[in-house]
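Visitor: Pasting a structure here, questions to come.
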Amino acid sequence: MSAAYIALSSLYLFLVVILITGWRKSLRKTRAQEKVKNRITVIVPIRNEPENLPAILTDLQNQDYPAFEVIVVDDHSTDPIKPVWRDHRIRCILNSGQGKKRAITTGIEAATGDIMVTTDADCHVNKEWLSTINSYFSSEGTILVFGGVRIDPANSFFGKLQSIEFTSLIGSGAATLSLGFPSMCNGANIAFRKRVFDEVNGYSGNEHIASGDDEFLLRKVFEKYPSGIKFMPSPESVVSTKPHINIKHLISQRIRWGSKWRIHKDIATRLLAFFIFLFQLSMLVLPIAVGFNWLTLSLAGLILAGKFIVEYIFLKSVAQFLSVRWSWMAFVTLQVIYPVYAVTIGILSNFVHPTWKERRI
């Protein structure tokens, strides 16, 4: 048992060190000089969240970039969206099908821009967001870019937990891309050339999957243009979003996200997901292993200390870039509860079909 724990923990620590290396490498890339003002279309899919729409539209109207339009795609909200803006650059259309992927596709089909940008209705962007995105498309070799997303926790401890935990996803996506095997990005902050969406047949082949509009597109583009994807290490490109209001909403979202891992065609990705699940499971049963003398207390302490140190180095660095205020209390709490959370999500995502925005998925 001790040998198994040593092997599993050593592999995990090595993986996090690799992520730290990849993250630091991703930050060394500089922002390109803007050579041309591409026509940009911002697509905002929305369903049953009219209270969020005014804030994101205000942020977009305040952009310092001139050549853009906004298409709000209503994914059949129970109360149809009533336009409350007076800006010729903004229009609202109805999803031609059902679901977020179809909503984004509907927006792309109606777009007049060359660069497609997607975000969510509950997000905030700063005034330089679009000009920053455009600068990365100065080179014709750039096909798709994605940026950081942070959760603004307000003052709730639950929000702080989400904020710190979410940094791991953003950091992992940027780190793995810089190491040559992109694993994830976030659809709240992604941009790509319209022509390429058509070249890779959009979301064809994964329309039936409830999530993954961002990740599956990332992988399709990577297969065709392996050197055409970039992470934006610019603070101006970071998008902020709200934390979930309760644990039920958070679990539903994570189950939805987790459901796509089991159908990945990429074997390496599936093995990585399984390894992370196995390691978190080992942390969950660690007290039992010590209690039955399968593992010495000193070795268990050494494993936990190593895990604490490498995860702190990684998450702290990502949090600084995202301007996420560090919370020691949240970080320490996550060290305790995350194995339960990760194992639970890993199991439920294979069997449970939650309701999301009043729609069964």
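The values are calculated or read from the model by the stated rules, or taken from the named source; none is laboratory data. Note that the coordinates shown come from a computational prediction; the quantities given were computed from them, not determined experimentally. Counting neighbours? That spans all protein chains shown, and the Cβs are built from the backbone with ideal geometry, glycine included.
Visitor: I'd like to know if region 17-38 contains one or more residues that are surrounded by 15 or more Cβ atoms within 10 Å (Cβ to Cβ) and free of Cβ contacts under 8 Å to residues at least 40 places away in the same chain.
Guide: no
Per-residue answers, yes or no, for (1) at positive phi; (2) aliphatic (A, V, I, L, M); (3) modelled with pLDDT under 95:
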| site | (1), (2), (3) |
| --- | --- |
| Val221 | no, yes, no |
| Ile229 | no, yes, no |
| Ile245 | no, yes, yes |
| Ile251 | no, yes, yes |
| His264 | no, no, yes |
| Leu272 | no, yes, yes |
| Pro287 | no, no, yes |
| Asn293 | yes, no, yes |
| Thr296 | no, no, yes |
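Visitor: Let me ask something additional. If you scan region 319-354, which residues turn out to be at pLDDT 90 or above and more than 21 Å from Lys307 (Cβ to Cβ)?
Guide: Phe321, Leu322, Ser323, Arg325
Visitor: Every residue in region 294-324 that is without any contact (Cβ under 8 Å) to a residue 12 or more places away in the chain and either over 16 Å from Thr21 (Cβ atoms) or under 23 Å from the mean Cα position of the chain (by Cα) (or both), please.
Guide: Within region 294-324, Leu297, Ser298, Gly301, Leu302, Ala305, Lys316, Gln320 qualify.
Visitor: Further question: Please go through region 39-51 and give me each residue that is under 22 Å from Ile115 (Cβ atoms) and surrounded by fewer than 21 Cβ atoms within 10 Å (Cβ to Cβ), ordered by number.
Guide: Hit for region 39-51 is Arg39, nothing else.
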